[in-house]
Amino acid sequence: MSTAQAVEAVFRIESARIIAGVARIVRDVGIAEELAQDALVAALEQWPESGVPDRPGAWLMATAKHRAIDLVRRKETYARKLAEVGRTLEDVPPPAEPADPEDIDDDLLRLIFTACHPLLATEARIALTLRLMGGLTTQEIARAFLASESAVAQRIVRAKRTLATAGVPFEVPYGADREARLASVLEVIYLVFNEGYSATAGEDLVRPALCEDALRLVRVLAGLMPKEPEVHGLAALLEFQASRMATRTGPDGEPVLLADQNRARWNRMLIHRGIEAMRHAGSGPYSVQAAIAGCHAAAVRYEDTDWPTIAALYGRLVTLIPSPVVELNRAVAISMAQGPAAALPLVDALAQEPALRAYHLLPSVRGDLLERLGRPAEARAEFERAASLTRNERERSLLRRRADRL
């Protein structure tokens with residue numbers, strides 16, 4: 001590995017901690033990211049001659065912080081900023097000194113709460129979090145979400161500007177604000193994982209890199225907030241879901257339904273991690289979804305799945321987050337526990353929901369129920385309608401094959 005490659009690899013791993021540490025000084029995540037990039041440039045210039053330091057992450061952190069304090073010194077508001085930082089310039093450690101690990105953890109928590117601030121639109125929160133916390137480049141984010149690089153870059157720039165203009169404090173919220181802000185953080189991680197687990201558009205059904213990014217983020221968050229049950233609930237859910245990734249598609253990328261997956265290939269280590277996380281989970285929406293995923297993970301064969309318990313858990317989930325999508329999932333579980341005839345009226349009732357009119361899984365589920373009830377012509381029409389609604393090429397091909405078979 002060349003020195004340049006080593007620098008980039010270290011920066012990818014340490015960038016979130018560096019940005020977080022610098023943001024505590026400058027109180028602006030946009031400026032903090034620029035200063036972290038400056039430290040990267042300094043490493044690319046110096047390390048080829050001086051060699052890679054014994055603690056390269058600490059070198060980058062200290063260099064970025066040194067530049068941050070130089071910036072503060074040049075500001076007219078230096079005295080006020082210095083009071084906020086609560087330190088004197090003489091106390092600044094030289095670049096070779098590592099930062100306090102506890103401070104780093106606190107700073108990471110501040111960074112993720114800032115990047116996921118509810119003031120930002122969902123797409124902006126996702127892009128900014130992947131950039132600052134995940135260390136992804138603009139090009140990587142654009143490729144993952146099938147967006148143009150310029151659109152993602154503008155989204156990130158606007159997000160930083162919005163945070164700076166609003167004067168969003170770089171802090172961990174407490175009191176009544178904490179629950180709402182934490183919900184925003186968990187939503188971002190959940191959406192990132194889901195886009196990787198079942199892509200909404202494009203030629204690939206799954207994008208494993210996004211799932212890995214979400215898993216890394218939720219594991220960091222669980223370590224930073226060990227007393228928050230819903231954080232562990234989300235962690236358990238993502239561990240269970242990720243355990244099936246390798247079996248969700250066939251050799252050519254085609255979707256493999258849950259009933260047809262080779263459970264011997266499910267990742268037992270991730271399932272074990274999910275079980276451990278469940279020990280600390282609570283009774284919120286993510287924890288209930290984790291319990292549902294845990295039921296699937298516990299079944300050695302598809303035929304062993306505890307569908308009555310899953311149906312009951314979906315019933316509980318509906319009371320926590322009333323949603324037609326959750327109702328649709330509950331109907332599927334009821335069809336497996338009690339038969340398709342018991343579920344069809346529930347699905348038919350959902351056809352009137354405005355939110356599901358363009359949702360391809362509604363006709364897909366209805367087609368499955370009609371096929372099981374021996375009504376092939378109606379089932380075929382539903383599968384064809386579902387195929388026309390999805391934007392994912394792999395799902396469209398699967399649905400068309402099911403229609404053609406009938």
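The values are calculated or read from the model by the stated rules, or taken from the named source; none is laboratory data. Just so it is clear, the model here is predicted, and its values are computed rather than measured. Neighbour counts run over all protein chains shown; Cβ positions are idealised from the backbone, glycine included. We work out accessible area using only protein heavy atoms, side chains counted, and drop any ligands, DNA or RNA first. Shrake-Rupley method; radii C 1.70, N 1.55, O 1.52, S 1.80 Å.
Restricting region 119-166 to residues that are surrounded by 20 or more Cβ atoms within 10 Å (Cβ to Cβ) and part of a loop (DSSP other than H, G, I, E, B), the residue that is modelled with the highest pLDDT is L120.
In region 257-278 there is at least one residue that is open to solvent by less than 30 Å² (accessible area, probe 1.4 Å), over 30 Å from P226 (Cα atoms) and not in a loop (DSSP other than H, G, I, E, B). Scanning region 340-371 for residues that are open to solvent by less than 20 Å² (accessible area, probe 1.4 Å) and within 16 Å of A311 (Cβ to Cβ) returns A343, L344, V347, L350, L369. Working only within region 239-278, note down all residues that are of a type in the set (G, A, S) and either farther than 19 Å from E303 by Cβ or in contact (Cβ under 8 Å) with a residue 40 or more places away in the chain (or both). Within region 239-278, A242, S243, A246, G250, G253, A259, G274, A277 meet the criteria. Once region 385-403 is narrowed to residues that are part of a helix (DSSP H, G or I) and open to solvent by 80 Å² or more (accessible area, probe 1.4 Å), the residue that is farthest from L370 (Cα to Cα) is E393. Among residues of region 217-243 being assigned to a loop (DSSP other than H, G, I, E, B) and open to solvent by less than 20 Å² (accessible area, probe 1.4 Å), the one that is farthest from L182 (Cα to Cα) is S243. Return the residues of region 337-384 that are in contact with a helix residue (DSSP H, G or I) (Cβ under 7 Å, 6 or more places away or on another chain), part of a helix (DSSP H, G or I) and of a type in the set (D, E, K, R); say none if nothing qualifies. Of everything in region 337-384, those that are in contact with a helix residue (DSSP H, G or I) (Cβ under 7 Å, 6 or more places away or on another chain), part of a helix (DSSP H, G or I) and of a type in the set (D, E, K, R) turn out to be R366, E371, R372, E378, R380, E382, E384. Of all residues in region 292-306, those satisfying the criterion of being in contact (Cβ under 8 Å) with a residue 12 or more places away in the chain and open to solvent by 30 Å² or more (accessible area, probe 1.4 Å) are V300, R301, Y302.
Taking A214, is it small (G, A, S), crowded, with 21+ Cβ neighbours inside 10 Å and either at pLDDT 95 or above or not in a helix (DSSP H, G or I) (or both)? No; evaluated as a whole, the condition is false for this residue.
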